[in-house]
Amino acid sequence: MKYVPVVSAIGQPLIPCHPARARELLRKGRAIRGFDRGIFYIRLLDRDNGDTQPIAVGIDPGSQKEAITVKSAAHTYLNIQADAVTWVKNAEKTSTTMRRGRRGRKTPYRRCRPNRRQGQLRLPPSTRARWGWKLRLCRWLVRYYPVETFVVEDVVTSSKPRQQHWNRCFSPVEVGKTWFYAELAKLAAVHTLKGYETKQWRDSFGLKKTQSKLSDTFDAHCVDSWTLANAWIGGHAKPDNTDIRPFVIFPGFYTLEMAAGCREIFG
């Protein structure tokens, strides 16, 4: 069963409502419908504020696929499986090679720019793109859901064995996730769980994760994001909504395939 996000007249996210309630508000002229990247929502015209309830967002980062679940104690509102950003490193390498090649020929090229990021946090383009993509998804969700907490599975990796200082301070994953947590904390509280803690919670709910990491099924990645959200917010012993929305991302743009949801909700 799908629920429709609700925002007030001034844009404050409120408790999502049942599709029948959304149709009634639209029919009476108390709300207008809206659409944003596949999210269908209604905006109230006669209320600036209203009731809210705690909502947790579970985030399961991955190397090729990532999952996000929006859940309250009563309902699981949204399960998203998104493609990870993986092409930026090769694109930047090609761009750099072509730019340096132009400087050795008699052809127009831009001059070398000064270091405009001196004194700022310097993230490699591929790292910034990978973690920035997750941040954009979270910023998009908080516009339509009253998110109270983000629960993220803490990714741990070692880029150089037996060199703890390097792994802690220079590993792209460590630098990227530190920046991501800092930016995410500006939206709502952030809590992290280790991978083994996620597995313990998943086993306690009697859930299993498939070995096919690239499949578009709930058991591939959304099972972990749901586990993270439910471990914090509670409310269910089993998933009440296993429908997933695939977020297909391509270089330069992204779309969310939810046209069928519009027909089901609004006819």
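The values are calculated or read from the model by the stated rules, or taken from the named source; none is laboratory data. As the structure is a computational prediction, the values presented were derived from the model and not from experiment. Cβ coordinates were reconstructed from backbone atoms using ideal geometry, including for glycine residues, and neighbour counts include every protein chain displayed. Heavy atoms of the whole protein, side chains included, go into the accessibility calculation; ligands, DNA and RNA do not. Shrake-Rupley method; radii C 1.70, N 1.55, O 1.52, S 1.80 Å.
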- line: PRE zone check, label point 7 Å out along Cα-to-Cβ of residue 28, amide N under 16 Å, scope the stretch 47-90, hits 47-51
- line: Quotient of Cα radius of gyration and Kirkwood radius for the stretch 27-147, i.e. Rg/Rh, equals 1.16
- prompt: Under 5 Å between amide H atoms, partner at least 5 residues away or on a different chain: which partners does residue 17 have, H built in plane at 1.01 Å?
  reply: 4, 6
field: Once the Cα gyration tensor of the stretch 1-85 is diagonalised, semi-axes √(5λ) in Å
entry: 27, 14, 12
Alpha-carbon centroids, the stretch 200-235 and the stretch 66-81: separation in whole Å: 11 Å
field: Residue pairs, from the table 89/209; 89/134; 93/134, whose Cα atoms sit over 27 Å apart
entry: 89/209
message: Sort 209, 199, 71 by heavy-atom solvent-accessible area, probe 1.4 angstrom, most to least.
response: 199, 209, 71
field: Taking all pairs of distinct alpha-carbon atoms in the stretch 68-124, Kirkwood radius in angstrom
entry: 16.0 Å
message: Calculate log10 I(q)/I(0) of the chain for q = 0.14, 0.15, 0.17 Å⁻¹, where I(q) comes from the Debye formula with a single equal point scatterer on each Cα and nothing for solvent.
response: -1.03, -1.13, -1.36
- prompt: What accessible area per residue, rounded to a whole number of Å², is obtained for the chain using a probe radius of 1.4 Å?
  reply: 55 Å²
field: Highest average packing first - 236-243, 88-95, Cβ atoms within 10 Å
entry: 236-243, 88-95
- prompt: Using helices alone, what [θ] at 222 nm do you get for the chain, with -39,500 (n - 2.57) per DSSP H run of 4 or more residues, divided over all residues and rounded to the nearest 500?
  reply: -10500 deg cm²/dmol
task: Taking the chain as the reference, fit the longest principal axis to its C-alpha atoms, fit the long axis of helix 195-204 to the helix C-alpha atoms, and give the angle between the two in degrees, 0 to 90, nearest 10.
output: 20 degrees
field: Of all accessible heavy-atom area on the chain, the percent that carbon and sulfur account for (1.4 Å)
entry: 52 percent
Residue 179 accessible area, 1.4 Å probe, all protein chains in place, Å² to nearest 10: 30 Å²
statement: Distance in nm between residue 186 and residue 10 label points, each 7 Å along Cα→Cβ, equals 2.2 nm
task: Multiply the residue separation of residue 242 and residue 213 by 0.36 nm, subtract the distance between their alpha-carbon atoms, and state the gained length in nm to one decimal.
output: 8.8 nm
- request: Using only Cα atoms, tell me the angle between helix 88-103 and the longest principal axis of the chain; keep it within 0 to 90° and round to the nearest 10.
  value: 40 degrees
- prompt: Ordered by residue, what ³J(HN,Hα) values in Hz, to whole numbers, does the stretch 66-77 give under the Karplus form 6.51 cos²θ - 1.76 cosθ + 1.60, where θ = phi - 60° and Gly and Pro are x?
  reply: 9, 9, 9, 10, 9, 8, 10, 5, 9, 9, 9, 7
Most positive-pole-ward Cα, 70, 38, 86, against dipole of the stretch 12-104 from beta carbon charges: 86
field: Solvent-accessible surface ranking, highest first, for 80, 10, 32 at 1.4 angstrom
entry: 10, 32, 80
